[in-house]
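A.B. asks: Pasting a structure below so you can have a look.
The values are calculated or read from the model by the stated rules, or taken from the named source; none is laboratory data. For clarity, every value in this text was computed on a predicted model and none was experimentally measured. Cβ: placed from backbone, ideal geometry, glycine included. Neighbour counts: every protein chain shown. The area values use the complete protein model at the heavy-atom level, side chains included, leaving out ligands, DNA and RNA. Shrake-Rupley method; radii C 1.70, N 1.55, O 1.52, S 1.80 Å.
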Amino acid sequence: MTVLTKICGLSEPESLRAAVTGGARYVGFVFYPPSPRAVAPSLAAELARLVPTGVRSVGLFVDPDDEFLEHVVSQVPLDLIQLHGKETPRRIAEVKARYQIPVMKAVKVGGPEDLTAALDIAEVADRLLFDAKPPAKVSALPGGNGIAFDWTLLAGRSWPKPWMLSGGLTPENVAEAVRVTGATELDVSSGVEDRPGHKDPALVRAFLSAAAAL
């Protein structure tokens, strides 16, 4: 079984190199200023130039307006736009039409009722990403909180578009996550950090090695 991996929230050349040399198929740059993983478009553009052919650069946005998207997309060569906020299917379609870049939409999962929205989203998005819903009554980011949802909610399910599993993944639980959900693509951020926003190259390599062993 081949499991493809995405290392998200990269902001330094060293961790980016660890990702691409370790076999990551996707590398992610966060364009959401409140996040400790946020990166300036100018720096992301420099990092993107280090990404080899065959690895896709992903830009993560949270409810971006057109001005901000234009500001980033005009500087950073992105292969995929990841929308991680409350974007509606209509907004997803607008972004796709305006920038002609495939869109992956995050689905925040707390319970089975949250999966119903995935089918509507799949009608317009090119890809889905299932992530844990941020905890209620806690100051939390839209993603990257290091928490997992109930993976059994995805067990035996199929979706009309390619999808990734995210939320609370670490080198230690990769095998269990894939076994339970059947995921063939994984997205990790905080699970390969030694402090918020700082990727540990050794953890990046460990995660990628664990995924490659499946």
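A.B. asks: Pairs under 8 Å by beta carbon, first residue polar (S, T, N, Q) in the range 165-188, partner open to solvent by 30 Å² or more (accessible area, probe 1.4 Å), six or more apart or different chains?
C.D. replies: Asn173/Ala148; Thr181/Trp151; Thr181/Ala155; Thr184/Met1; Thr184/Thr2; Thr184/Leu4
A.B. asks: Something else now. Being more than 17 Å from Arg56 (Cβ to Cβ) and of a type in the set (Gly, Ala, Ser) is the filter here; which residues of the range 5-14 pass it?
C.D. replies: Matches in the range 5-14: Ser11 only.
A.B. asks: If you go through the range 179-201 one residue at a time, how many are in a helix (DSSP H, G or I), open to solvent by less than 60 Å² (accessible area, probe 1.4 Å) and out of contact with any helix residue (DSSP H, G or I) (no Cβ under 8 Å at 6 or more places or on another chain)?
C.D. replies: First pass over the range 179-201, keeping only residues in a helix (DSSP H, G or I): 179-181, 190-192, 201.
Remaining after also requiring open to solvent by less than 60 Å² (accessible area, probe 1.4 Å): 180-181, 190-192, 201.
Those still in the list that are out of contact with any helix residue (DSSP H, G or I) (no Cβ under 8 Å at 6 or more places or on another chain) too: 190.
Residues flagged as in a helix (DSSP H, G or I), open to solvent by less than 60 Å² (accessible area, probe 1.4 Å) and out of contact with any helix residue (DSSP H, G or I) (no Cβ under 8 Å at 6 or more places or on another chain) within the range 179-201 amount to 1.
A.B. asks: Hey, another quick one. Please count how many residues of the range 69-81 are surrounded by fewer than 16 Cβ atoms within 10 Å (Cβ to Cβ) and under 16 Å from Ile92 (Cα atoms).
C.D. replies: Qualifying residue count, the range 69-81: 2.
A.B. asks: Let me ask another. Does the range 33-54 contain any residue that is closer than 15 Å to Leu129 by Cβ and β-branched (Val, Ile, Thr)? Even if it seems obvious, please write down each step before you answer.
C.D. replies: Going through the range 33-54, the residues closer than 15 Å to Leu129 by Cβ turn out to be none.
Checked the range 33-54: no residue is closer than 15 Å to Leu129 by Cβ and β-branched (Val, Ile, Thr).
A.B. asks: Let me ask you something else. Consider Leu60 carefully, then state whether it is in contact (Cβ under 8 Å) with a residue 60 or more places away in the chain and under 20 Å from Val192 (Cα atoms).
C.D. replies: Details: in contact (Cβ under 8 Å) with a residue 60 or more places away in the chain: yes; under 20 Å from Val192 (Cα atoms): yes.
Yes: the conditions hold for Leu60.
A.B. asks: All but one of (1) crowded, with 21+ Cβ neighbours inside 10 Å; (2) closer than 30 Å to Val178 by Cβ; (3) not charged (D, E, K, R) hold for Gly23; state the number of the condition that does not hold.
C.D. replies: So the condition that Gly23 fails would be (1).
A.B. asks: Something else about it: Out of (1) within 23 Å of Asp200 (Cβ to Cβ); (2) of a type outside the set (A, V, I, L, M, F, W, C); (3) surrounded by fewer than 21 Cβ atoms within 10 Å (Cβ to Cβ), the odd one out for Gly54 is which?
C.D. replies: (1)
A.B. asks: Can you name every residue in the range 159-178 that is among the aliphatic types (A, V, I, L, M) and buried (at least 18 other Cβ atoms within 10 Å of the Cβ)?
C.D. replies: Of the residues in the range 159-178, the ones among the aliphatic types (A, V, I, L, M) are 164-165, 169, 174-175, 177-178.
Correct list: Met164, Leu165, Leu169, Val174, Ala177, Val178.
A.B. asks: Next up: Within the range 204-214, which residues are open to solvent by 50 Å² or more (accessible area, probe 1.4 Å) and assigned to a helix (DSSP H, G or I)?
C.D. replies: Here is the first cut: in the range 204-214, the residues open to solvent by 50 Å² or more (accessible area, probe 1.4 Å) are 205, 209, 212-214.
If the condition is that a residue be open to solvent by 50 Å² or more (accessible area, probe 1.4 Å) and assigned to a helix (DSSP H, G or I), then Arg205, Ser209, Ala212 are the ones that fit.
A.B. asks: Looking at the structure I just gave you, is Ala155 within 15 Å of the chain's Cα centre (by Cα) and either touching a residue at least 12 places away in the same chain (Cβ under 8 Å) or surrounded by 21 or more Cβ atoms within 10 Å (Cβ to Cβ) (or both)? I'd like the intermediate steps shown before the answer.
C.D. replies: Details: within 15 Å of the chain's Cα centre (by Cα): no; either touching a residue at least 12 places away in the same chain (Cβ under 8 Å) or surrounded by 21 or more Cβ atoms within 10 Å (Cβ to Cβ) (or both): yes.
The answer is no for Ala155.
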